[in-house]
1. Just to be sure before I move on: is ARG303 closer than 30 Å to ASN231 by Cβ, basic (Lys, Arg) and surrounded by fewer than 24 Cβ atoms within 10 Å (Cβ to Cβ) in the structure I sent?
2. Among the residues in segment 161-170, are any in contact (Cβ under 8 Å) with a residue 60 or more places away in the chain and either under 21 Å from the mean Cα position of the chain (by Cα) or closer than 19 Å to SER216 by Cβ (or both)?
3. Out of all the residues in segment 142-187, which are of a type in the set (Gly, Ala, Ser) and either on the phi > 0 side of the Ramachandran plot or touching a Ser or Thr at 6+ places or on another chain (Cβ under 8 Å) (or both)?
4. In this structure, does ALA361 turn out to be in contact with a strand residue (DSSP E or B) (Cβ under 7 Å, 6 or more places away or on another chain) and in a loop (DSSP other than H, G, I, E, B)?
5. May I ask you to say which residue of ASP85, ASP127, ASP118 is among the charged types (D, E, K, R) and under 20 Å from LEU343 (Cβ atoms)?
6. Out of GLY196, GLY262, which single residue is surrounded by 14 or more Cβ atoms within 10 Å (Cβ to Cβ), out of contact with any strand residue (DSSP E or B) (no Cβ under 8 Å at 6 or more places or on another chain) and within 27 Å of ILE155 (Cβ to Cβ)?
7. For ARG242, are the conditions met, namely being touching a strand residue (DSSP E or B) at 6+ places or on another chain (Cβ under 6 Å) and either surrounded by fewer than 16 Cβ atoms within 10 Å (Cβ to Cβ) or more than 18 Å from MET346 (Cα to Cα) (or both)?
8. Please go through segment 94-121 and pick out each residue that is within 13 Å of the chain's Cα centre (by Cα) and among the hydroxyl-bearing types (Ser, Thr, Tyr).
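Since every read-out is calculated from the coordinates, none of them should be taken as a lab result. Just so it is clear, the model here is predicted, and its values are computed rather than measured. Cβ: placed from backbone, ideal geometry, glycine included. Neighbour counts: every protein chain shown.
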Amino acid sequence: MFLEKPSPDSRTDSKCPRRAGRYSQPGRPVRYFAAGAVVILLSLLTLRCAPFSTRPSEGRFLGGDLIHFVADRDGNPEIYVMQIDGSSPVRLTHTPRNEFFSTGSPDERNVAFLSDRDDNVEIYVMDAYGRNQRRVTRTTGNEMTIHWSPDGKWIVYSLRENGGSEIYKIRPGAGRPVRLTSLGGENENPLWSGDGKWILFESTGDGSRNILRMASDGSGVRVLTPGSGNNTHPAWSPDNQRIAFVSDRTGDFEIFAMDADGSRPVNLTRHPGLDWKPAWSPDGRWIAFVSNRDENLEIYRMRTDGSGSENLTLSPTARDWDPVWIKGGFLLFNTDRDGNQELYAMNDDGSHPVNLTQSGASDGLSLFTQ
């Protein structure tokens, strides 16, 4: 069955803030296939503000055709999907409880998410259009911060129970969870490297919050940020050779970069205030981040050596946060510039910001955030 995607022409020019930018031409045809039912969408996209004819997927770099996000537009947090230009939003989960932290598999066929529909927080998986929802974990604790392996065969996650948390992995189709850490304290926010060899995570096992690295089987655990202070939000570079992260070792939270083995840490931001959530561009030339250096939260970018820092959002009366790159150099982000939380996209230089959700509710919750 063929369906035509609704035209985005209803998005009037008045909703597209004008800034000097590169893009105004139509996008390219985009095709979608929904596993579990023969549903094919074929359409020609024409965006009035910018053509997001690229493919988002998961994490701080999105690479698929659909955007899965969390919204409370029906009274409680639920998982939704929309096409890359923001059209055709569809609610995928329908429970009276809370669904959150959705992340797409590398092959774009499945979505993992967290839910407390069975009282405690567990991992669930469904296909990209919400069908075949099934529970993956069965524990007495609460699962947190999930991330797919690059080959899509595993989900790595943090399990909180008995006053602490440890890192596990599990095959989403079948199998028992494999415990990867036994370090004590809080061990959370696992993040697979793009080549599948390593997993980064944060740990408070020695009393401070540090970034650790281990092999994908849990062996070879190594502290990459030894010393006091708090180190958080690690992000792999596209070539897996460098890691950006946030640290307060200088007295306030700055963005640093280090080699994959923890050597050669360099302070990239060197600016008073909060610098947060680094995200590498797909071509490895830029790092987007959040900062309050202009008194409110804004999206910035800088070159990977810390030079050329610039404010991309320039919204002094609003807050902008959680930048996520997509192929082609576009950025998705959350903002409250319309009075409520919405999901926007813009060019990599900050031009042509477009409201993708336009719902009046809180949209984009947990868009990344792995």
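1. Values: closer than 30 Å to ASN231 by Cβ: yes; basic (Lys, Arg): yes; surrounded by fewer than 24 Cβ atoms within 10 Å (Cβ to Cβ): yes.
Answer is yes for this residue.
2. Taking segment 161-170 and keeping what is in contact (Cβ under 8 Å) with a residue 60 or more places away in the chain, we get none.
Taking every residue of segment 161-170 in turn, none turns out to be in contact (Cβ under 8 Å) with a residue 60 or more places away in the chain and either under 21 Å from the mean Cα position of the chain (by Cα) or closer than 19 Å to SER216 by Cβ (or both).
3. SER149, GLY152, SER158, GLY163, SER165, GLY175, GLY184, GLY185
4. Numbers: in contact with a strand residue (DSSP E or B) (Cβ under 7 Å, 6 or more places away or on another chain): yes; in a loop (DSSP other than H, G, I, E, B): yes.
Criteria met by ALA361.
5. After ruling out the rest, the residue left standing is ASP85.
6. Values: GLY262 fails: out of contact with any strand residue (DSSP E or B) (no Cβ under 8 Å at 6 or more places or on another chain).
Going through GLY196, GLY262 in turn, the sole match is GLY196.
7. yes
8. SER102, THR103, SER105 - these are the residues of segment 94-121 that are within 13 Å of the chain's Cα centre (by Cα) and among the hydroxyl-bearing types (Ser, Thr, Tyr).
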